[in-house]
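Colleague: Structure below; questions to follow.
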Amino acid sequence: MLAVKVEGLGRVYEQRGQAEPVRALWSIDLEVELGQVQGLLGPNGAGKTTLTKILSTVLLPSAGHAAILGHDVVRETAAVRRNIGLVLGGDRGLYPRLTARQNLAYWAALYNVPRRETKARIEMLLERVGLDSDRRIDTYSRGMKQRLHLARGLIADPSVLLLDEPTMGMDPLAARDFRTLIHELRQAGKSILLTTHDMEEAAALCDNVALIDKGRVLATESPERLARLVAKHERIDFSSKDESVPARVRDLFGVASVRTLEQPTTYRVELSDEAALHQVLSFLVSQRVTALGTSRPSLTEVYVHVIGDRGFKV
């Protein structure tokens, strides 16, 4: 059984004044195995939140099917809700005039958490996310509210967690503690779908990452394999004061490009053929370059390469 199974999932929004409907999701296929942390990485407006809301039974799909632990999200909503913890973030879902403890007690009652277990579970979660339980929520910062959302998502001890931008608004220390918590939950056997546009977070936490843009899944791989989608082979960095060396490297077999890095005498060689690596390295050694090394692209570079560098556009 899979924790999450999505087949051909689509979602269309009708908008007033527009002849054509807006497609938020286009025939999405996605699988999350039991005990796996699956990342969903994409820019704002890519469809990440829409997919999360469909999986949590908040929205109905326009096409396709989705299931949580074998339960269809449309036909078996009650069974789905019993098995998931949802973290959407923002102010919705929290009651600002209540304390953190009172908020969690309310949600524990909705999830039918046994009363004999409620108090101990609330105190454990508040300590785990580092919150002052006696303050009203309207005095909380955005990051503190986000941590309370996370505690709320865990109150029913769900088997599957759907986390939509869970570290949004958190300070670096809180985000670090969150990552530790995700590792602990994974070790406890929880299955997690994590949507984010934080490349470092995806690389640090996820077994697999699906790149999504404009409602379509572009690729699903491990963070390391995604990096190899951009550079299937190592790239080479070297330093040389001889300005003729970069030009001669460009003429070698299997070299896609040579560009100057920040320092005027430092260059990066991108290869297009695996067989070229040894030849290029041998040539650079023969030219007595002052520095030489190989590397692979980061997940950030993969993201920009596959989705595109749009600046502030969505």
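What follows is calculated from the coordinates using simple rules that are stated; it is not laboratory data. Predicted model only: the values in this text are computed from it and were never measured. Cβ atoms come from the backbone with ideal geometry, glycine included; neighbour counts cover every protein chain shown.
Colleague: Across the stretch 1-35, what is the number of residues that are under 17 Å from N83 (Cβ atoms), among the hydrophobic types (A, V, I, L, M, F, W, C) and outside any strand (DSSP E or B)?
Modeller: Here the count works out to 4.
Colleague: If L86 satisfies all but one of (1) more than 20 Å from P158 (Cα to Cα); (2) outside any helix (DSSP H, G or I), what's the number of the condition it fails?
Modeller: (1)
Colleague: May I pose another question? If I filter the stretch 237-274 down to residues being of a type in the set (F, W, Y) and surrounded by 16 or more Cβ atoms within 10 Å (Cβ to Cβ), which single residue comes out as farthest from S286 (Cα to Cα)?
Modeller: Of everything passing the filter in the stretch 237-274, Y267 is farthest from S286 (Cα to Cα).
Colleague: Next up: Looking for whichever is touching a Leu at 6+ places or on another chain (Cβ under 9 Å), among the charged types (D, E, K, R) and within 28 Å of P158 (Cα to Cα) here; the options are D207, D177, D198, D237. Which one fits?
Modeller: None of the others qualify; the one that does is D198.
Colleague: Determine, yes or no, whether E234 is of a type in the set (D, E, K, R), surrounded by fewer than 20 Cβ atoms within 10 Å (Cβ to Cβ) and without any contact (Cβ under 8 Å) to a residue 24 or more places away in the chain.
Modeller: It is false that E234 is of a type in the set (D, E, K, R), surrounded by fewer than 20 Cβ atoms within 10 Å (Cβ to Cβ) and without any contact (Cβ under 8 Å) to a residue 24 or more places away in the chain.
Colleague: Give, as residue ranges, the strands (runs of 3 or more DSSP E) completely inside the stretch 200-306 that count at least 3 residues that are over 24 Å from G39 (Cα atoms) and in contact with a helix residue (DSSP H, G or I) (Cβ under 9 Å, 6 or more places away or on another chain).
Modeller: Qualifying strands (runs of 3 or more DSSP E): 255-260, 266-271.
Colleague: So L60 clears everything in (1) buried (at least 18 other Cβ atoms within 10 Å of the Cβ); (2) out of contact with any strand residue (DSSP E or B) (no Cβ under 6 Å at 6 or more places or on another chain) except one condition, right? Which one?
Modeller: (1)
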